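Comments concern the structure below.
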Amino acid sequence: MKHKLLFGFAMLSYFAIAQTSFLPKETINSSTGDAPYTMTSGLIDGDVFPDIIIGTYLGNTIEWYKNNGDNTFTIQPLITTTLEGIVFTKLADLNGDGFLDVVASGYSNDSVAWYPNDGSGNFVTENIISNAVAGASGFSIGDINNDTFIDIAITAYNNNEVLWFSNDGMGAFTLDTNKIDDTLVNPGAMDMEDIDGDGDLDVVVGTAIYGGDVIEIFRNNLIEDGTVSFTKDPTTIASGKAGIFHVSFEDIDGDTDLDILATEVSYGSGPTGNLYWYEDNGSGFTETTFTTTLNNPAMAQFRDLDNDGLNDIVLGNGASGAGNDLVWFKNNGSGSFDAEDIIDDTQSQAFVLAIEDYDNDGDLDIATSAYNQDALNYFENEKIVLSISDAQFQNLTIYPNPTKDFLTFKGLTTNSNVSVFDILGKQVLVKDLINGQTLNVSELESGIYTLKINNQVTSKFIKE
């Protein structure tokens, strides 16, 4: 299906205001499946607008929401209702067909499964990777054995194990006999990156006993024949915590060494949770605790909200009741952050969030799931907004999208300079268009491109 790029007040990147701000919460769905506890986002159905996937812990549903491109979303047929206690989801192309598939873990029925996408957002098959991962919880995806295929590492919370499954490239998975770990009690959150620069993926794991919890690193000892084994670092990254909800490898201070971003959600009447940064100082990790009004910090993401080239920290609150629920910390560079800036205080248990440029206007927006309210919410970033001097673009439409040969500009009333950039930010085409002239993109490789008009209007298109 061909689409048009519609340029309206809320959809363009024209003029960067001095301070990132967000519009008040818009509720996408006030009645999701019971207890939404996980979410992810990506291009699911072949257009240029990122869609949203959520999983519900008590409702046992995986739901996907089509992005209509105008700051609205439409729920699609359920992907599944057979996984029980869904606690984690990701999008990845597991069978090499170029489309993002859905991967999910079901804590209550010890399962990890994946659902192939036909490219149009149709998910008709459930592929069970395993139904014997006791308390299947957090997982990470990546090429663990360097065979070019995406594998899955997952925590078995109830069996005190961290396991991994090898992918044959077509989406068939085999449990590797060399598990990552079986020494941690109640492992939950995890992430994978090559932290030591040796070309293979290492693992960080946090436990969730809710008292005496730890964060540990496991180094991948991959050898040339593809055999994988892991060794736990002799020094524990963190100990004595109260429920690690999130861990991820991030270069927080921009020194090219991967640090660790972690949250401690705490639980019930226990101590207040915290947001932590563990800096790799070359001989170990140094802990920094952020000051936050959130009682139970849950998911944290490291993304550039204000378009200054530095990733900021966005944080959701796992607590119920009154208080702030979504905040962000501006990154000033070299590990310096502003005090938290409050985005929202109207949710209850906003454990998880997803960050994308949902309206393709050049800045990152935020979607959240409120566990206690069964709600999926959306916060539009107004970092880039329409300026009065750019009113000429309000009625601009660019089509077709996707396209093979030409882009047509309807509503453009003046001669304009048009630039096209690839996904790496490299300018691949520039042309001065006379009013009414089309843009020839037939020589571009297939892929997603960013389009700029007079260095003001920004949007994306797909070249088939």
Item to check | Gain in span if fully extended, residue 146 to residue 170, counting 0.36 nm per residue against the direct Cα distance | outcome: 7.1 nm
Checklist entry - Can you work out the base-10 log of I(q)/I(0) for the chain at q = 0.12 1/Å, using the Debye formula on its C-alpha atoms alone? => result -1.09
Checklist outcome for this item: Expressed as a percent, the accessible surface of the chain that is carbon or sulfur, using a 1.4 Å probe and the full set of protein chains, is 48
Checklist entry - When the chain is fully extended, how far beyond the present Cα-Cα distance does residue 182 get from residue 236, taking 0.36 nm per residue of separation? => result 17.9 nm
Item to check | For the range 321-367, the Rg and Dmax computed from alpha carbons only, in angstrom | outcome: 12.8, 35
Checklist entry - Normalised by the residues of the range 148-228, what does the relative contact order come to in percent, with Cα pairs under 8 Å and at least six apart? => result 20
Next on the checklist: For a protection proxy built on the mean count of beta-carbon atoms within 10 angstrom, sort 77-85, 313-321 highest first, please.
Outcome noted: 313-321, 77-85
Next on the checklist: On a straight-distance basis, which aspartates and glutamates could pair with residue 426 in a cross-link, Cα separation under 15 angstrom, same-chain partners fewer than 8 positions away excluded?
Outcome noted: 445
Next on the checklist: Tell me the relative contact order for the chain as a rounded percent, counting alpha carbon contacts under 8 Å between residues six or more apart.
Outcome noted: 15
Next on the checklist: Run the simple label-point estimate for residue 124 and residue 198 please: 7 Å along Cα→C-beta, distance reported in nm.
Outcome noted: 4.6
Item to check | Accessible area per residue, Å², the chain with all protein chains present, probe 1.4 Å | outcome: 40
Checklist entry - Can you list the residues of the range 128-160 with backbone N under 18 Å from a point 7 Å past the Cα of residue 221, pointing along Cα to Cβ? => result 144-146
Item to check | Along each principal axis, Cα extent of the range 118-220, largest first, Å | outcome: 45, 32, 27
Checklist entry - What span do the alpha-carbon atoms of the range 269-311 cover on each of the three principal axes, reported in whole Å from largest to smallest? => result 39, 32, 15
Checklist entry - Want the number for residue 303 to residue 417: 0.36 nm per residue separation, take away the alpha-carbon distance, what's left? => result 38.0 nm
Checklist outcome for this item: Given all pairs of distinct Cα atoms, the range 287-350 yields a Kirkwood Rh in Å of 12.0
Next on the checklist: Distance between the C-alpha centers of the range 21-79 and the range 86-101? Whole Å please.
Outcome noted: 16
Next on the checklist: How compact is the range 221-289 by the rule of thumb for globular proteins, expressed as Cα Rg over 2.2 N^0.38 Å?
Outcome noted: 1.36
Item to check | Label-point separation, residue 70 to residue 286 (7 Å along Cα→Cβ), nm | outcome: 5.3
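The values are calculated or read from the model by the stated rules, or taken from the named source; none is laboratory data. As the structure is a computational prediction, the values presented were derived from the model and not from experiment. Every residue, glycine among them, receives a Cβ derived from its backbone with ideal geometry; neighbour counts consider all protein chains shown. With ligands, DNA and RNA removed, areas are computed over all heavy atoms of the protein, side chains included. Shrake-Rupley method; radii C 1.70, N 1.55, O 1.52, S 1.80 Å.
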